[in-house]
Amino acid sequence: MHAIHGPLHGVIVVDLGPIDTGPYCTFLLARAGATVIKIEPLEGENMRRRGVVGGAMLPFAMLNSNKNFVTLNLKTERGKTTLIKMVKRADVLLENFAPGAMNRLGLGPEVLMKENPRLVYAAGSGYGWSGPYREYPAMDLTVQAMSGVMNSTGFPDGPPVKAGPALCDFFGGVHLYGAVTTALFQRERTGKGQFVEVSMLEAVYFSLSSSLGLVYGSKGQGPQRTGNRHGGLAESPYNVYATNDGWIAIICVTEAHWQALTEAMARPDLREDPRLKTLKDRVAHMQLVDETVEAWTRHQNKETLFKLLLSHRIPCAPVRELTEVMDDPHLHARGGLRHIDHPLLGDIVVPTGAMRYGGGEPPPIEPSKALGADNDTVYGDWLGLPMDEIAAMRRERVI
């Protein structure tokens, strides 16, 4: 089995997580050096089963680099006993099924932690293992709806809109990573594992801070959706402005930023306008600010304007297409994105992860593999099962 020599080198993770939350957590663990054994059902997990048409399998490839791939049918007795054997040798078991699903299989945290008291059992879910919403089906879309993310996204005169990225899934995944590594740190001191869980609903709540500030500050009378303006309507200018060939985002957080923007616009008169003297004034006249800024930006070329604003140290960025981001020279120069020759998808761009250890280049990417590609290596070389037993497991559709 392969692993990176990172800070978690030597940690063995049994990964039962499907879709996004679990796989993103174990991707981060693998990129930190842990050996991750990804267990899939015999037909493969959902994202793999989407196939390659239209790039639908790209998310699977992105989230499952640097892992070992096995199949295991947990609905069979031999499958269950095999998982228990694996857990006895593992440091972490991770799953993001509906709460109680593993208990119904007889493989819940109490059972597995009794077999291995040093085990960190990590569970991700939409609403958590307790509380009145425990049994609600949860996906990123439904948690966006329940959490207020959807109601705070969009324009005041329009309907609620789903945030484009799967925010709740990935907020859940990164929080689960934090919970796992914290539990491993405590185990180093106590020698004991523990059960840790993360709910997507709780993980995403903090991201609503500006919108919540508007609710409190306006006693619920403020707009629920603020479009591209600040979520709390507490900054101005803060918006996405039209150019003659696209859009540019501009924000002025400090008085120095505002002064610099008026200089870039060659509009010294704006500094003396009594309606725009302070941040409080500009917020009170937000529509005037936005109309004045866009009357200037809409006659500018997006990239030329970006360079001009950067020369004045004004926070800004052109609104880019995803194809531009995939080819971003900065991300490729840092090694945050890499082209790889994927055995199933060909030449693709994949992320290497945002965490850096030791200040060096990100470690190599090992592409995701075919379903069950590491069955013999994991069950034979690592778990120590004889080859005739592995062959019998195949015949019985255990693997």
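The values are calculated or read from the model by the stated rules, or taken from the named source; none is laboratory data. Small disclaimer: the values here were computed from a predicted structure and weren't measured. Here Cβ is always computed from backbone atoms with ideal geometry, including for glycine, and neighbour counts include all displayed protein chains. Calculation scope for accessible area: heavy atoms of the full protein, side chains included, ligands and nucleic acids excluded. Shrake-Rupley method; radii C 1.70, N 1.55, O 1.52, S 1.80 Å.
A few remarks follow.
- By the rule of a C-alpha distance below 18 Å, with chain neighbours fewer than 8 residues away ignored, the lysines paired with residue 75 are 38, 85.
- By the helix-only formula, in which each DSSP H run with n ≥ 4 contributes -39500 (n - 2.57) and the sum is divided by residues, the chain has a 222 nm mean residue ellipticity of -10500 deg cm²/dmol.
- Rounded to whole Å, sorted largest first: equivalent-ellipsoid semi-axes of segment 1-45, Cα gyration tensor: 20, 11, 7
- Carbon plus sulfur fraction of accessible area for the chain, probe 1.4 Å, in percent: 57 percent
- Taking the inverse of the mean reciprocal distance over all distinct Cα pairs, the Kirkwood hydrodynamic radius of segment 48-171 comes to 17.3 Å.
- Using alpha-carbon coordinates, inclination of helix 286-297 to the longest axis of the chain, degrees: 90 degrees
- Evaluating 6.51 cos²θ - 1.76 cosθ + 1.60 at θ = phi - 60° for every residue in segment 260-276, the Karplus couplings come out as 5, 5, 5, 5, 4, 7, 6, 10, x, 5, 5, 5, 9, 5, x, 6, 10 Hz, glycine and proline recorded as x.
- The string of couplings for segment 125-132 from the Karplus curve (6.51, -1.76, 1.60, θ = phi - 60°) is 7, x, 10, x, 8, 9, x, x Hz, one whole number per residue in order, with x for Gly and Pro.
- Longest DSSP-loop-exposure-free segment, GluC sites (Glu not before Pro), the chain, at most 13 other Cβ within 10 Å: 136-320
- Residues whose amide H falls under 5 Å from that of residue 120, counting only those 5 or more places apart or on a different chain, are 92, 93, 194, with hydrogens built in the peptide plane.
- Of the beta bridges in the chain, as assigned by DSSP with both residues counted there, near 45 percent are antiparallel.
- Amide H partners (placed H, <5 Å) of residue 129, local residues excluded: none
- Filtered trypsin sites (Lys or Arg not before Pro), segment 129-200: DSSP coil and at most 16 other beta carbons within 10 Å: 134, 162, 192
- Per residue, the accessible area of the chain comes to 49 Å², computed with a 1.4 Å probe over protein heavy atoms only.
- Column: log10 I(q)/I(0), Debye, Cα scatterers of the chain, q = 0.07, 0.09, 0.14 Å⁻¹: -0.43, -0.67, -1.24
- Entry note: segment 117-267 has Rg to Rh equal to 1.12, where both radii use alpha-carbon atoms and Rh is the Kirkwood radius.
- Expressed as a whole percent, the proportion of Cα-Cα pairs in segment 245-379 lying more than 25 Å apart is 51%.
- Nearest-ten-degree value, helix 21-31 long axis tilted from longest Cα axis of the chain: 80 degrees
- Viscosity 1.002 mPa s, 20 °C: Kirkwood-radius Stokes-Einstein D of segment 145-221 over Cα pairs, µm²/s: 146 µm²/s
- C-alpha long axis of helix 302-311 to longest principal axis of the chain, angle in °: 80 degrees
- Shown here for segment 318-382: trypsin sites (Lys or Arg not before Pro) in loop regions (DSSP other than H, G, I, E, B) with at most 10 other Cβ atoms within 10 Å, of which there are none.
- For residue 371, distant residues with modelled amide H under 5 Å away: none
- In order along segment 351-357, the phi-based Karplus estimate (6.51 cos²θ - 1.76 cosθ + 1.60, θ = phi - 60°) of 3J(HN,Hα) comes to x, 9, x, 8, 8, 10, 10 Hz; Gly and Pro are listed as x.
- Leading residue at positive end of dipole, segment 1-49 (Cβ point charges), from 6, 35, 16: 6
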